[in-house]
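A quick write-up on the structure given underneath.
The values are calculated or read from the model by the stated rules, or taken from the named source; none is laboratory data. Nothing here was measured: the structure is a model prediction, and the numbers come from that model. Glycine also receives a Cβ, built like all others from the backbone with ideal geometry; neighbour counts cover every protein chain displayed.
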Amino acid sequence: MFGIAQGALGVQSYEELALFGSSFSACGLIRKYSFHTNDEQTMREYTGIIERTVRLNEHYQHLHLSVEGLGSDLKPGQSFLARRMPERWEPYLREQWWPVDLKTDEVVIERPANILYEPGETVSLLGIIGQPYRYKRTLRNVLLIAYDTPPSPLVMSIPLLFKHHVSVTMVLSGAATQYPTNRLPPELEVIQADDDLGWTNMVMTVGWADQVFVVVRPDDEMERFERVWKRFSELRAGIDKNYLFAVMQTALPCGVGACLACLTPLREGEMCVVCTQGPAIDMTALPFSS
Amino acid sequence: MEIEITRRSKNSLILANPVMAAAGVLGFGDAYGDLIQLEKLGAFITSPVSYTPRRPAGGARVVPLPAGTLVHTGLPNAGISKVLGKYRTLWEKMKIPVIMHVVGTNPEQARKCASRIEAEHAVQAIELGIDDDATPEEVHQIVGGAARNTEKPVLVRLPSQDTVVLAQAAVDAGAGGLVACAPPRGTARDPYSGKLVTGRIYGPLMKPMMLRLVKQLVDMFPEVPVIGVGGVHTQQDARDYIEAGARAVQVDSVTWVQPKTLEYIARDLGGLVITREQGALADEWHPGMGETERKAREAARRKLDEDSKKTPTGH
């Protein structure tokens, strides 16, 4: 593990909740030009079997996969690179599959409803991809924002946060408003925002949150994250480290930090390999022009 | 098995296996350790390295294609000094030769990189990646500049256009071997942003194109070893390159899709695939072997049960 000692950042309270593991590396906190950090976590290939498919609405479905040997290694923020078996070359590269729920030997994946999956189908899963989300120890309130994209990368964290008595609010903006919220925990406050990421009481919501995790449509992630950054800069006097996180959904050909197709530039010439150090990048480290 | 993949000289590079991963596929050697036994390959080729640092490309870098993909990374790397500083120890510990892929954009950079590598014990050879737009004169200068500054063999990875002409220039300038070829460049529309993106194309369709070029080069330069690369997805693909005259084979994007395929091809061409029925060694790997062993154990148990039922009792 490319480790940063506790307190090395001068911010003692910014630690992970013990539940989510002990790693302490993420993009935006790394001080060196590094390509690979994920030494403790073993990458392996799992075989998953689709046990059942559940259609949520006309846009989304859930795949219940039985995955032998997965255990409880999977944490919120982590994902798989999946490939349907038997081998076919369409799509060619593995797809990033975001888990939204984890049970014993079963993981629930969220996928678009227009793709046909059959129960009994076998899937090769390469994982586990990425680092878990890092939460402050003093965390009380978390804001999750899905901007023109389904909130799938954020959903798995919700029950775990509630279990730790953390209040969670989710903002859905643009295309994200199509997301079916009836299956989410009833304690979750869901705000339907307008297409330009505006909602009533924005100042209060942003001020209330101790940490914010944002997913955006992956067509031009940096441009959209910059829009979010500007919006938050208008609403807050200053944005500290470990407050606002960009959850990247960059295309990942290899998932292990080899191909460098997901290498993202940070401030001061630093680099971040999204597949091994992401998906969450502290927005204070991103090189926005503003 | 001994395969000489460079022209005969006092520093020829001899491999125990003809299969390698292409440059940029395995990173710098620390990424795929959990999934692939690198020591089963013939050599390790690093991600592209330049003399000075290079930043990643902006915008969309991966575009899905029918049965393939387009990738445009911009060859990001921290520069040869930092890369050597970070990975030297890892490469020294590797049980297979390390070939450093050098971005051959201009003669001066190629010359400086070659001088730097000459002093490195961790690196056994150079693979010089020639720019797609290079002229034969530029290729001659770049390859000549590198070859004059190192005694280590210099392999030259050729572009897929004007390949034969550029190969002649490379051979004349002292190329130790030819790698045919770099993935061709193409332009495709990114489905997310709607923008046109230019990059290198990967996929099974590359094989017939590259196989033809390999055959042409082998016929034209019988004294120069040729390494085939492009579209290898099965062991038969790799064997086709060998049959066309390639001395060795590089495997590219299938490694990202199905990492074990690389090792499988290497074991197959290295003569290492031994099935259980033929007396597999305990440490030998084969796709499905775990399942085979489980089935074999179950079959043995069933047979034992049946035998015990057949055994007459009470007499």
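The helices (runs of 4 or more DSSP H) found wholly in the stretch B:212-315 and carrying at least 2 residues that are modelled with pLDDT under 90 and touching a helix residue (DSSP H, G or I) at 6+ places or on another chain (Cβ under 7 Å) occupy B:259-269. Counting only strands (runs of 3 or more DSSP E) that sit wholly inside the stretch A:89-164, those with at least 1 residues that are away from chain B (no Cβ under 14 Å) and touching a residue at least 40 places away in the same chain (Cβ under 8 Å) are A:99-103, A:106-112, A:141-147. Can you tell me which condition B:R61 does not meet? The list is (1) more than 11 Å from chain A (Cβ to nearest Cβ); (2) of a type outside the set (A, V, I, L, M); (3) in contact (Cβ under 8 Å) with a residue 40 or more places away in the chain, and all the others hold. Failing condition for B:R61: (1). Looking for something out of contact with any Phe, Trp or Tyr (no Cβ under 9 Å at 6 or more places or on another chain), over 22 Å from B:I130 (Cα atoms), buried (at least 23 other Cβ atoms within 10 Å of the Cβ) and of a type outside the set (G, A, S) - is there at least one such residue anywhere in the stretch B:24-33? Within the stretch B:24-33, one or more residues are out of contact with any Phe, Trp or Tyr (no Cβ under 9 Å at 6 or more places or on another chain), over 22 Å from B:I130 (Cα atoms), buried (at least 23 other Cβ atoms within 10 Å of the Cβ) and of a type outside the set (G, A, S). For the stretch A:59-87, the candidate set comprises residues that are part of a strand (DSSP E or B) and among the charged types (D, E, K, R); within that set, the residue that is surrounded by the most Cβ atoms within 10 Å (Cβ to Cβ) is A:R83.
Results for (1) at positive phi; (2) modelled with pLDDT of 90 or more, shown as yes or no for each residue.
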| position | (1), (2) |
| --- | --- |
| A:T181 | no, yes |
| A:E187 | no, yes |
| A:L197 | yes, no |
| A:D210 | no, yes |
| A:V214 | no, yes |
| A:R236 | no, no |
| A:Y243 | no, yes |
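Those strands (runs of 3 or more DSSP E) of the stretch A:175-290 in which 3 or more residues are within 13 Å of chain B (Cβ to nearest Cβ) and touching a residue at least 60 places away in the same chain (Cβ under 8 Å) occupy A:271-273. If you check B:P204 against the conditions, is it touching a Phe, Trp or Tyr at 6+ places or on another chain (Cβ under 8 Å) and farther than 23 Å from B:A147 by Cα? The answer is yes for B:P204.
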